[in-house]
Amino acid sequence: MKKTAVFNHQHQPKVGILLANLGTPDAPEAPALRRYLKQFLSDRRVVEIPRAIWWLILNGVILNIRPKKSAEKYAQVWTNEGSPLLAHARKQTQLLQGFLSQRIASPFAVELGMSYGNPSMASAIEKLTAQQCDRILVFPLYPQYAASSTASALDAVWRVLLKTRSVPAIRTIRHYHDHPAYIEALANSVREHWMTNGRPEKLVMSFHGVPRYTLDKGDPYHCECHKTGRLLAEALELSKEQYLVCFQSRFGKAEWLKPYLASTLEDLGKQKLKRIDVICPGFSSDCLETLEEIAMEGKEIFKHNGGGEFYYIPALNEREPWIHAMCDIALENLSGWVSTEWDSAAARKETELTALRAGAMQAQ
């Protein structure tokens, strides 16, 4: 049974907010990538190939070849603060705590947990329960729902709670792909980029790809990506000819959601477009898939095929409009759990007196 914080009637219960993200390797080195990829690619939500077949492919081929190649790519984007995704996610966590403290008077705490790698989901939940959080809102940092991302993060949470004696109340956020504050944060980042650099001939919105069969099985991800794209285009007052939606990071030989980013960039280059901008609305933080795959590889594909200027518009990261949007989304899902008016001393005393009247043992 998992160890949990000792209950004390003198402690005022808090509300916890768990920011859930995919994860990252601990270092841009092959051994660290092998550990990370093994955990990530062993998730049944991520790879739905029959287990026996996939075990042979993963352990016999992928984990012997891919770690070194992936480590070389991570080394190109690694920072003094570690991986870009982790650095941005930590800042988002700190800023959300600070921004929410201006709007919430009752006790709360914010922690970051990753589905794979560190900080783990278990460590995040342990930190929240150690702070007497008896209610936790799970806030996946995936605007569009997909079984391989959002559901996988929720699986990671429940795997921890399965071993927890005193399970906190749990609320989860499914998606916010069409939330006005999220769309406006995206539009704001594009407008600011255009004010500095001018406008492109085409805005390319690239989302992380998933296998086509996930759509056939009922996963709403494809539709939610397109809705995000349409709403962002409307906020920017773009015509249908001025933007397009495509999907990146294809892996394996199976058909994935189309159009593929790589072939799209190749076609746009051959059309001799003078300039395109690429934004990745589905990524809350810049990471390998944006900084290396888009800003480096994508740029090379476009220019190699005759294209002109190529700009990558950074992810929302810790931009202030995005942190405010996170606050709005969190508060809507915390209704009834938090208060804007709070006397912590009086609340703590009332909790203790109520417990004592009910016969609880006084803390020594």
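The values are calculated or read from the model by the stated rules, or taken from the named source; none is laboratory data. This one's a predicted model, so the numbers in the text were calculated from it and none came from an experiment. Cβ atoms come from the backbone with ideal geometry, glycine included; neighbour counts cover every protein chain shown. What goes into the accessible areas is simple: the full protein's heavy atoms, side chains included, and nothing from ligands, DNA or RNA. Shrake-Rupley method; radii C 1.70, N 1.55, O 1.52, S 1.80 Å.
A search for C-beta distances below 8 Å between a residue of segment 40-54 that is touching a residue at least 24 places away in the same chain (Cβ under 8 Å) and any residue that is open to solvent by 70 Å² or more (accessible area, probe 1.4 Å), counting only pairs 6+ apart in sequence or on different chains, returns Glu48/Tyr213. Applying the condition of being charged (D, E, K, R), modelled with pLDDT of 95 or more and assigned to a helix (DSSP H, G or I) to segment 29-55 and asking which residue is surrounded by the fewest Cβ atoms within 10 Å (Cβ to Cβ) yields Lys38. If the condition is being in contact with a Lys or Arg (Cβ under 8 Å, 6 or more places away or on another chain) and assigned to a loop (DSSP other than H, G, I, E, B), then segment 199-256 contributes Pro200, Glu201, Gly209, Leu236, Ala254, Glu255. Scanning segment 269-312 for residues that are open to solvent by 30 Å² or more (accessible area, probe 1.4 Å), farther than 23 Å from Asp26 by Cα and not in a loop (DSSP other than H, G, I, E, B) yields Lys270, Glu297, Lys299, Glu300, Ile301, Lys303, His304, Glu309, Tyr311, Tyr312. When you check Ala185 against the structure, is it in contact with a Cys (Cβ under 9 Å, 6 or more places away or on another chain) and in a helix (DSSP H, G or I), yes or no? In short, no.
Within the span defined as segment 134-148, every residue fails to be basic (Lys, Arg), more than 15 Å from the chain's Cα centre (by Cα), at negative phi and assigned to a helix (DSSP H, G or I). Whether any residue in segment 171-181 is modelled with pLDDT under 95 and either outside any loop (DSSP other than H, G, I, E, B) or under 30 Å from Gly308 (Cβ atoms) (or both) is what I want to check. No, because not a single residue in segment 171-181 is modelled with pLDDT under 95 and either outside any loop (DSSP other than H, G, I, E, B) or under 30 Å from Gly308 (Cβ atoms) (or both). Restricting segment 99-121 to residues that are assigned to a helix (DSSP H, G or I) and open to solvent by less than 30 Å² (accessible area, probe 1.4 Å), the residue that is nearest to Thr150 (Cα to Cα) is Met121. Checking each residue in segment 133-155 for being touching a Pro at 6+ places or on another chain (Cβ under 7 Å) and either open to solvent by 30 Å² or more (accessible area, probe 1.4 Å) or among the charged types (D, E, K, R) (or both) picks out Asp134, Arg135, Tyr145. Considering Leu186, Leu203, the condition of being out of contact with any strand residue (DSSP E or B) (no Cβ under 6 Å at 6 or more places or on another chain) and either of a type in the set (A, V, I, L, M) or open to solvent by 20 Å² or more (accessible area, probe 1.4 Å) (or both) is satisfied by Leu186 alone.
Please tell me if Arg191 is over 18 Å from the mean Cα position of the chain (by Cα), part of a helix (DSSP H, G or I), of a type in the set (D, E, K, R) and closer than 30 Å to Ala130 by Cβ. Criteria not met by Arg191.
Residues in segment 313-354 that are aliphatic (A, V, I, L, M), modelled with pLDDT under 95 and surrounded by 16 or more Cβ atoms within 10 Å (Cβ to Cβ): Val338 alone.
Condition check ((1) within 15 Å of Trp322 (Cα to Cα); (2) open to solvent by 40 Å² or more (accessible area, probe 1.4 Å); (3) without any contact (Cβ under 8 Å) to a residue 24 or more places away in the chain) across all residues:
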site	(1), (2), (3)
Thr129	no, no, no
Val157	no, no, no
Ser166	no, yes, no
Thr196	no, yes, yes
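Restricting attention to segment 214-232, the residues that are over 19 Å from Arg250 (Cα atoms), in contact (Cβ under 8 Å) with a residue 12 or more places away in the chain and surrounded by fewer than 20 Cβ atoms within 10 Å (Cβ to Cβ) add up to 1.
Scanning segment 70-98 for residues that are part of a helix (DSSP H, G or I), open to solvent by less than 40 Å² (accessible area, probe 1.4 Å) and small (Gly, Ala, Ser) yields Ser70, Ala71, Ala87, Ala89, Gly98.
Close Cβ contacts (under 6 Å, 6 or more residues apart or on different chains) running from residues in segment 56-85 that are farther than 16 Å from Leu41 by Cβ to residues that are of a type in the set (Ser, Thr, Tyr) and crowded, with 18+ Cβ neighbours inside 10 Å comprise Ser83/Thr24; Leu85/Thr24; Leu85/Ser285.
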